[in-house]
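The values are calculated or read from the model by the stated rules, or taken from the named source; none is laboratory data. What you see is a predicted model; the values in this text were computed from it and never measured. Methodologically, a virtual Cβ is constructed for each residue, glycine included, from the backbone with ideal geometry; neighbour enumeration extends over all protein chains shown. Just the protein is used for accessible areas: all its heavy atoms, side chains included, with ligands, DNA and RNA removed. Shrake-Rupley method; radii C 1.70, N 1.55, O 1.52, S 1.80 Å.
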Amino acid sequence: ATRVVVLISGSGSNLQALIDGQIAGELPIDIACVISNRPGVRGLERAAEAGIEALTLDHKGFDSREAFDKALAETIDAHRPDLVVLAGFMRILTPAFTSRYLGRMLNIHPSLLPKYQGLHTHQRALDAGDSEHGVTVHFVTDELDGGPAAIQAVVPVLAGDDAASLAARVQQQEHLIYPMAVRWFAEGKLSMRENKALLDGEPLPASGYQ
Ligand code: GAR
């Protein structure tokens with residue numbers, strides 16, 4: 001099975017989707033460890049409940065981004081993962097860190113990238129009057145929320161939506177497409193080369209699989 005380390009900062013509902021897929025035998029992965037940069041979050045409990053090693057590495061204990069990322073990489077590498085999965089991990093990563101895991105680190109971002117990189121994506125989609133919104137799974141490169149997309153899911157923006165209702169609709173899709181992308185990677189179908197995502201060796205469109 002593909003060894004996976006999952007990085008989180010919060011509730012861990014995407015982590016839960018991966019745990020459920022692993023337990024159901026639908027995902028050929030072995031989540032070796034879950035690491036949170038925030039202590040006491042729900043995602044750490046989810047890992048522990050599944051019998052997965054759950055560690056906290058609090059960024060507040062480090063003087064610099066570089067020092068935190070170095071410690072984080074050491075903790076990750078101790079578990080020898082094939083794949084690093086960012087699941088609601090809310091830290092900007094240094095180029096030294098992203099290049100270390102290039103082609104074997106995925107992130108999920110709650111927008112139709114390249115739209116709405118950064119924070120508050122649901123409110124920004126509402127403020128712009130968008131009729132569609134969504135979520136992207138992409139490879140992580142040194143460009144923040146900029147690496148090549150593996151898969152996107154689109155949801156409608158409905159009359160009366162607020163950021164919370166829209167986020168909930170997007171999250172339902174997150175829990176479907178993140179396990180799908182991780183399964184593709186674990187099966188050797190999804191890869192990255194020359195800053196392009198490939199599925200079965202064929203370059204995916206800029207939006208990823210839709
Ligand atoms: C998810 O909605 C994910 O798309 C978002 O954080 C949430 C984490 O939820 N990620 C980002 O905003 C990355 N910049 P979860 O902890 O329940 O999986």
Checklist line | Estimated inter-spin distance, Glu143 and Lys196, nm [label 7 Å along Cα→Cβ] | finding: 1.5 nm
Next item on the list: Determine which aspartates and glutamates satisfy two conditions relative to Lys189: a Cα distance under 15 Å, and not lying fewer than 8 residues away in the same chain.
Entry: Asp82, Asp200, Glu202
Notebook entry, point to check: What percent do you get for the relative contact order of the range 40-188 when only Cα pairs under 8 Å and 6+ apart count?
Noted result: 17 percent
Notebook entry, point to check: Using a basic spin-label model with each label point 7 Å from the Cα along Cα→Cβ, how many nm lie between Glu53 and Leu176?
Noted result: 3.5 nm
Check: Between Ser131 and Ala24, what FRET efficiency comes out of the Förster formula 1/(1 + (r/R0)^6) with R0 = 45 Å and r the beta carbon distance, rounded to 0.05?
Finding: 0.80
Next item on the list: Give a residue-ordered list of calculated ³J(HN,Hα) values for the range 89-104 (Karplus: 6.51 cos²θ - 1.76 cosθ + 1.60, θ = phi - 60°; whole Hz; x for Gly, Pro).
Entry: 8, 9, 10, 6, 9, 6, x, 4, 6, 5, 6, 4, 10, 4, x, 9
Checklist line | q = 0.18 Å⁻¹: log10 I(q)/I(0) that the Debye formula gives for the chain, counting C-alpha atoms only | finding: -1.35
Next item on the list: Any lysines with Cα under 19 Å of the Lys60 Cα? List them, leaving off those in the same chain fewer than 8 positions away.
Entry: Lys70
Checklist line | Residue-by-residue Karplus 3J(HN,Hα) for the range 10-19, coefficients 6.51, -1.76, 1.60, Hz, glycine and proline x | finding: x, 5, x, 5, 5, 4, 4, 4, 6, 4
Check: Under 5 Å between amide H atoms, partner at least 5 residues away or on a different chain: which partners does Tyr209 have, H built in plane at 1.01 Å?
Finding: Ile151, Gln152
Item checked: Those lysines that a straight Cα-Cα span of less than 20 Å connects to Lys196, excepting residues fewer than 8 apart in one chain -> Lys115
Next item on the list: Quickly estimate the mean residue ellipticity at 222 nm for the chain, helices only: each DSSP H run with n ≥ 4 gives -39500 (n - 2.57), and the total goes over all residues, rounded to 500.
Entry: -10000 deg cm²/dmol
Notebook entry, point to check: For the range 54-210, what % of the accessible area comes from carbon and sulfur atoms, probe 1.4 Å?
Noted result: 51 percent
Check: Once amide H atoms are placed 1.01 Å from N in the peptide plane, what residues at a sequence separation of 5 or more from His79, or on another chain, have their amide H within under 5 Å of its amide H?
Finding: none
Margin query: Give me, ordered by chain and number, the residues 5 or more places off Ser36 or on other chains with an amide H under 5 Å from its own placed amide H.
Written below: Ile8, Leu55, Thr56, Leu57
Note to self: Stokes-Einstein diffusion coefficient for the range 17-65 at 4 °C in a medium of 1.567 mPa s, Rh from the Kirkwood formula over Cα pairs: what value in µm²/s?
What the structure shows: 109 µm²/s
Next item on the list: Report the dimensions of the range 1-110 along its three principal axes from the alpha-carbon atoms, largest first, rounded to Å.
Entry: 41, 30, 29
Notebook entry, point to check: Across the range 51-60, in residue order, what do the Karplus-derived ³J(HN,Hα) couplings come to in whole Hz, using 6.51 cos²θ - 1.76 cosθ + 1.60 with θ = phi - 60° and x for Gly and Pro?
Noted result: x, 9, 4, 10, 10, 10, 10, 7, 4, 5
Next item on the list: Under 13 Å from the Cβ of Leu166, count the other residues' Cβ atoms, weight Lys and Arg +1, Asp and Glu -1, and hand me the total.
Entry: -4
Notebook entry, point to check: Given labels modelled 7 Å from the Cα in the Cβ direction, how far is it in nm from Lys60 to Ser165?
Noted result: 3.6 nm
Notebook entry, point to check: Over the range 1-85, what relative contact order in percent results from Cα pairs under 8 Å that are six or more residues apart?
Noted result: 38 percent
